[in-house]
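> First, the structure itself, so that you have it in front of you.
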Amino acid sequence: MNKNGVVSKAFLLFALMFLYTPIVVLIVMSFNSSRYNQLPFEFSLQWYQGLFENQILLEATRNSIWIAAVTGIVCVFLATMLMLGSQVLSHRFQHWMQSLMLMPLTIPWLIMGLSLLLMIRAMNFDKSLFFVLAGHVVISLPYSVLVLQARMQSMDSALEEASASLGAGAMTTFRRITLPVLAPAMVAGGFLSFMISFDNFVISYFLLPSGFSTLPIEIQSSIKFGFTPEINAVSSIIIGISLICLAVVGMIMGSSIKSIFGKEA
């Protein structure tokens with residue numbers, strides 16, 4: 001066996017272990033009966049039972065899912081409109097628009113959250129869920145834009161031209177050609193925006209009104225005032241749901257590409 005190949009595989013294995021060992025430990029410890037994650041390991045489901053009895057964590061999780069779902073839907077809609085609208089612009093204006101849309105990726109979330117808070121204070125507004133959603137959309141939109149932008153660039157313009165030459169109107173072409181091609185990217189972009197919003201702590205911390213909490217904030221509070229193993233349980237459930245969503249998105253994208261182009265992705 002090639003020595004360089006062995007070294008490359010060893011580096012790859014080390015990188016994967018470095019990335020995923022903490023996640024595996026978290027999942028395993030969610031089934032450990034010890035409150036302080038002590039060994040030896042003793043299998044127990046008590047923390048999952050405690051999770052479903054912890055109304056604070058459940059309410060925070062529902063709030064996070066609701067905010068992330070609305071954020072994902074809004075981001076997909078805005079990103080799709082931006083990508084479709086940019087087609088009528090010159091290449092120079094397309095470049096400026098895309099740079100403007102991707103700028104939030106270069107701004108630290110701490111600065112973004114503080115700026116939004118100072119803005120609403122200067123306008124004499126109170127913190128509310130509307131501003132939380134607006135802040136989550138601002139930081140999540142670039143991810144949907146990136147996915148849809150890549151999809152638009154790989155799209156064959158001859159498909160739309162052929163549809164127009166056969167007498168189809170703009171709406172028919174969009175419904176029968178453009179939308180099916182963009183649909184996988186819309187799903188993937190929505191999922192990415194959902195996960196960015198669900199995981200966000202900084203924007204929520206600055207803009208959430210009193211009496212309303214999200215899961216990242218509750219996890220931070222639990223760590224600050226006393227860790228509870230229910231955090232391991234809810235984190236494991238979220239990881240499982242994320243993996244399922246990733247698999248579903250992969251299948252949707254693969255089947256869509258096959259049906260449209262008649263070949264494997």
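The values are calculated or read from the model by the stated rules, or taken from the named source; none is laboratory data. Computed from a prediction, not measured in an experiment: that's the story for all the values here. In this analysis, Cβ positions are derived from the backbone assuming ideal geometry, glycine residues included, and neighbour counts consider all displayed protein chains. We work out accessible area using only protein heavy atoms, side chains counted, and drop any ligands, DNA or RNA first. Shrake-Rupley method; radii C 1.70, N 1.55, O 1.52, S 1.80 Å.
> Based on what the data block shows, is Leu51 under 25 Å from the mean Cα position of the chain (by Cα), in contact (Cβ under 8 Å) with a residue 12 or more places away in the chain and closer than 30 Å to Phe130 by Cα?
Taking the combined requirement at face value, the residue satisfies it.
> If a residue must be aromatic (Phe, Trp, Tyr), closer than 30 Å to Ala183 by Cα and crowded, with 17+ Cβ neighbours inside 10 Å, how many such residues does the stretch 31-78 contain?
0
> Only one of (1) at pLDDT below 80; (2) touching a Cys at 6+ places or on another chain (Cβ under 9 Å) fails for Glu161. Which number is that?
(2)
> I'm trying to understand the selection: among the residues of the stretch 78-93, which are among the aliphatic types (A, V, I, L, M) and modelled with pLDDT of 75 or more?
Within the stretch 78-93, Leu78, Ala79, Met81, Leu82, Met83, Leu84 meet the criteria.
> Moving to a separate point now. Say whether the condition of being more than 28 Å from Ser128 (Cβ to Cβ) and either at pLDDT 85 or above or part of a helix (DSSP H, G or I) (or both) is met by at least one residue in the stretch 222-231.
Yes.
> Hey, can you tell me all the residues within the stretch 94-128 that are open to solvent by less than 50 Å² (accessible area, probe 1.4 Å) and either at pLDDT 85 or above or not in a helix (DSSP H, G or I) (or both)?
Residues satisfying the conditions are Met112, Gly113, Leu116, Leu117, Ile120, Ser128.
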